[in-house]
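Asker: Here it is, the structure in full.
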Amino acid sequence: MIFDTHAHYDDKKFDADRREVLAAMPAKGVSLIVDPGCDGESSRAACALAQEFPFVYAAVGWHPEELAGIKDEHYLDKLAAWAVHPKVAAIGEIGLDYYWKENEPKEVQKKCLLEQIDLAVQFDLPVIIHDREAHGDIFEIFRSEVPAGTRAVFHCYSGSLEMAKELAKRGYYFGFGGTSTYKN
């Protein structure tokens, strides 16, 4: 059984053949898929795909690269409305991304991350964490501000081995993607 824990099938790159690709997954051995949202539209689309395909589950959240798209404080209300859907499995993809200079300032990113983690705690959902060039701040937030028992997966982990060991002691999980092959 293959469980694709992080696939953005709601992405426009799949517009031409999304339904065909997803319909073929069970025959290819893919039994479960989690489609994480990155903003309001992709979170809505992930929920729709989860509704349509029995093996697809959604995660809803606002990715740190998409925070400029938040028009008002009601974004949390939208996420909360989706979070009650029986096929929403997590809040995510959320986190911090200091790599792209055009992203919102660090303090805005931290505020939105903490708000979304709080939402996950309220709904007893795990979080899918994006961390790019923000390892120290992510570690400090999870060490000092995230309630014990909060479940998390650090998607596409690229922090240090020491940080991974400390996060693992707290029960968190890790995903490793293409970035683990980069020379640095």
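The values are calculated or read from the model by the stated rules, or taken from the named source; none is laboratory data. No experiment lies behind these values; they were computed from the predicted model shown. Cβ coordinates were reconstructed from backbone atoms using ideal geometry, including for glycine residues, and neighbour counts include every protein chain displayed. Accessible surface areas use protein heavy atoms only, side chains included; no ligands, DNA or RNA. Shrake-Rupley method; radii C 1.70, N 1.55, O 1.52, S 1.80 Å.
Asker: How big is the gap, in Å, between the Cα center of region 118-184 and the Cα center of region 29-102?
Answerer: If we compute the Cα centre of each part, the gap is 17 Å.
Asker: Still on this structure: Go ahead and run the numbers for FRET between PHE3 and LYS169, Cβ-Cβ distance against an R0 of 22 Å, rounding to 0.05. The partial results should precede the final answer.
Answerer: Details: r = 25 Å, r/R0 = 1.12.
Once the sixth-power term is evaluated, E becomes 0.35.
Asker: Mind pulling the angle between the C-alpha long axis of helix 135-144 and the longest principal axis of the chain? Nearest 10 degrees, somewhere in 0 to 90.
Answerer: It works out to around 80 degrees.
Asker: By accessible area of protein heavy atoms, probe 1.4 Å, what ranking do VAL127, VAL84 get, highest first? Walk me through the numbers on the way to the answer.
Answerer: On the way: VAL127 0, VAL84 100 Å².
Correct descending sequence by accessible area is VAL84, VAL127.
Asker: How many nm separate the modelled label positions at ARG143 and LYS101, each set 7 Å beyond the Cα in the direction of the Cβ?
Answerer: 3.0 nm
Asker: Of the residues ARG151, ARG18, ARG132, which exhibits the maximal mean-square fluctuation in a Gaussian network model of the chain defined by a 10 Å Cα contact cut-off?
Answerer: Maximum fluctuation in the GNM of the chain, among the listed residues, is at ARG18.
Asker: So for region 1-153, taking the charge dipole from beta-carbon charges (+1 Lys/Arg, -1 Asp/Glu), which of ALA89, VAL108, PHE142 sits furthest toward the positive end?
Answerer: ALA89
Asker: Can I ask one more? Using helices alone, I'd like the mean residue ellipticity at 222 nm for the chain: each DSSP H run of four-plus residues gives -39500 (n - 2.57), total over residue count, nearest 500. Mind dumping the intermediate values first?
Answerer: Numbers: 6 runs with 65 residues, N = 184.
Only helices count here, giving -10500 deg cm²/dmol.
Asker: Quick check: with the 1.4 Å probe, what order do TYR99, TYR173, TYR75 take by accessible area, largest first?
Answerer: TYR173, TYR99, TYR75
Asker: I'd like the carbon and sulfur percentage of the solvent accessible area for the chain, probe radius 1.4 Å, heavy atoms only, ligands and nucleic acids excluded. Write out the running numbers ahead of the final one.
Answerer: Working: 5510 of 10000 Å².
Answer for the chain: carbon and sulfur cover 55 percent of the accessible area.
Asker: Please list the non-local residues whose amide H lies under 5 Å from the amide H of TYR57, H modeled 1.01 Å from N, same-chain partners needing a gap of 5 or more.
Answerer: ILE33, VAL34, ASP35
Asker: If you don't mind, there's one more thing I want to ask. Just subtract the alpha-carbon distance of HIS74 and GLN51 from 0.36 nm times their residue separation and send over the number in nm, one decimal.
Answerer: Values: separation 23, 0.36 × 23 = 8.28 nm, distance 2.39 nm.
Net length gain for the segment: 5.9 nm.
Asker: What residue among ASP35, ASP124, ASP77 shows peak mean-square fluctuation when the chain is described by a Gaussian network model with Cα springs under 10 Å?
Answerer: Highest fluctuation of the listed residues: ASP77.
Asker: Given a 10 angstrom Cα cut-off, can you work out which residue in SER158, SER43, SER31 is the most mobile in a GNM of the chain?
Answerer: Checking each option, the largest mean-square fluctuation is seen for SER31.
Asker: Moving on. Can you give me the long-range amide H partners of GLY95? Hydrogens built in the peptide plane at 1.01 Å from N, cutoff under 5 Å, separation of 5 or more residues or another chain.
Answerer: Counting only residues 5 or more places away or on other chains, the set is HIS130.
Asker: Sticking with this structure for a sec: Once you keep just the Cα pairs under 8 angstrom separated by 6 or more residues, what percentage relative contact order results for the chain? Please list the in-between numbers first.
Answerer: Numbers: 318 pairs, mean separation 27.2, N = 184.
It rounds to 15 percent for the chain.
Asker: A further question follows. Whole-Hz ³J(HN,Hα) for each residue in region 17-28, computed from phi via Karplus 6.51 cos²θ - 1.76 cosθ + 1.60 with θ = phi - 60°, x for glycine and proline: what do you get?
Answerer: 9, 3, 5, 5, 4, 5, 4, 7, 4, x, 5, 8
Asker: Taking +1 at the Cβ of each Lys and Arg and -1 at the Cβ of each Asp and Glu, which of LEU67, HIS6, GLY29 sits farthest along the dipole of region 1-75 towards its positive end, judged by Cα position relative to the Cα centre?
Answerer: Of the candidates, GLY29 comes out farthest on the positive side.
Asker: Would you mind putting 44-52, 9-17, 138-146 in packing order, based on average other-beta-carbon counts within 10 Å, highest first? Don't skip to the end; give the middle numbers.
Answerer: On the way: 44-52: 19.2, 9-17: 13.3, 138-146: 16.1.
Result, highest mean Cβ count within 10 Å first: 44-52, 138-146, 9-17.
Asker: Using the per-residue mean of other Cβ atoms lying within 10 Å as a proxy for protection, in what order, highest first, do the peptides 110-121, 53-64 fall? The partial results should precede the final answer.
Answerer: Details: 110-121: 19.5, 53-64: 24.5.
Peptide ranking by packing, descending: 53-64, 110-121.
Asker: Simple spin-label model, 7 Å along Cα-to-Cβ: VAL121 to ASP17 in nm?
Answerer: Those two pseudo-labels are separated by 4.5 nm.
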